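Heads up: the structure comes next, in structure tokens.
The values are calculated or read from the model by the stated rules, or taken from the named source; none is laboratory data. Here the structure is a predicted model, which means the values were calculated and not measured. Neighbour counts run over all protein chains shown; Cβ positions are idealised from the backbone, glycine included. Heads up: the accessible areas ignore ligands, DNA and RNA and are worked out on the full protein's heavy atoms, side chains in. Shrake-Rupley method; radii C 1.70, N 1.55, O 1.52, S 1.80 Å.
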Amino acid sequence: MLGADRVFYLLLCFNKIGRVKTIKEYLINNQIRASEVRLLGAEGEQFGLVSLEEALKIADEQGYDLVNISPTTSPPVCKLMNYGKYKFDEQKKEKDARKKQKATEIKGMELSMRIEDHDMQFKAKQVRKFLQSGEKVRVVIKKVRGRLAAYANQGIDNMNKFYEMLSDVCEMEQKPLLSGTIITMMLIPKNTK
């Protein structure tokens, strides 16, 4: 088992929607148990090897916390910083990073083996809206069984025709593929840079 001076804590917290987030917790001030530490100043200046008591005294004089930023090294590396402000900034960065992430949602559109041209054009119009808003679209033909199984190529031809209607705004990520009683095709928006 590692000593207390060699461990930093990972706290698992649950946010409002139940996702787990991790927050790094470092050992600070009197939690540090090493006899000597390699001390870094608040601006990155190096104090070198100093005793823990002297490091705590320097931190107190300058109004900072002594934070063990590298607990696995020997001697551990400690830095002078305002730990509360550091934690606040880290949480803010994490929150901003989560805001900037955009989860791509996969929309779906179901066609049939015997779809008429007008119906296909109507569905293509809907799929075009999804693709222009940056969504992926899975196009599916279900229930390819019985007598229709003999005409699976007709379903694949319908899928290719559907793709041709949308080829100006999308690319085919997955070609039409018959899997059991389902034909699937995946469309993704074109990169318009």
Notebook entry, point to check: Peptides 25-31, 147-153: what's the order by average Cβ count within 10 Å, highest mean first?
Noted result: 25-31, 147-153
Next item on the list: Rounded to whole Hz and in sequence order, give me ³J(HN,Hα) for the range 25-33 from the Karplus expression 6.51 cos²θ - 1.76 cosθ + 1.60, θ = phi - 60°, writing x for Gly and Pro.
Entry: 10, 9, 6, 10, 6, 6, 7, 6, 10
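Cα-Cα over 20 Å: which of LYS123/LYS175; LYS107/LYS175; LYS79/LYS99; LYS93/LYS136; LYS100/LYS125; LYS107/LYS142?
Checking Cα-Cα distances, LYS79/LYS99; LYS93/LYS136; LYS100/LYS125 exceed 20 Å.
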Item checked: Cα-only radius of gyration and Dmax that characterise the range 19-150, units Å -> 29.7, 86
Notebook entry, point to check: Once amide H atoms are built 1.01 Å from N in the peptide plane, which residues 5 or more positions from ASN82, or in another chain, come under 5 Å H to H?
Noted result: ASP65
Notebook entry, point to check: What net charge do the residues around ASP168 carry, taking every other residue with its C-beta under 15 Å from that of ASP168, with Lys and Arg at +1 and Asp and Glu at -1?
Noted result: +3
Next item on the list: Could you rank the peptides 183-189, 106-112 by their average count of other C-beta atoms within 10 Å per residue, with the highest value first?
Entry: 183-189, 106-112
Check: Taking the simple approach of a point 7 Å from Cα along Cα-to-Cβ for both ASN30 and SER51, what is their distance in nm?
Finding: 1.9 nm
Note to self: For LYS136, what residues show an amide H to amide H distance below 5 Å, using hydrogens built from the backbone and excluding near sequence neighbours?
What the structure shows: GLU105, LYS107
Margin query: Could you give each residue of the range 159-176 its phi-based ³J(HN,Hα) in whole Hz, using Karplus coefficients 6.51, -1.76, 1.60 with θ = phi - 60°, and x for Gly or Pro?
Written below: 4, 5, 5, 4, 4, 4, 5, 10, 4, 6, 10, 9, 10, 8, 7, 9, 5, x
Note to self: For the ranges 78-84, 43-49, what's the packing order if you count other beta-carbon atoms within 10 Å of each residue, average per peptide, and put the highest first?
What the structure shows: 78-84, 43-49
Next item on the list: For the range 181-190, just list the computed ³J(HN,Hα) in residue order, Karplus coefficients 6.51, -1.76 and 1.60, θ = phi - 60°, integers in Hz, with x standing in for Gly and Pro.
Entry: 10, 10, 10, 10, 8, 10, 10, 10, x, 6
Next item on the list: Taking only protein heavy atoms into account and a 1.4 Å probe, give the accessible area per residue of the range 38-174 in Å².
Entry: 65 Å²
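For the range 60-193, with only Lys/Arg (+1) and Asp/Glu (-1) charged at the beta-carbon, what is the dipole magnitude about the Cα centre, in debye rounded to 20?
Charge dipole, the range 60-193, about its Cα centre: 480 debye, nearest 20.
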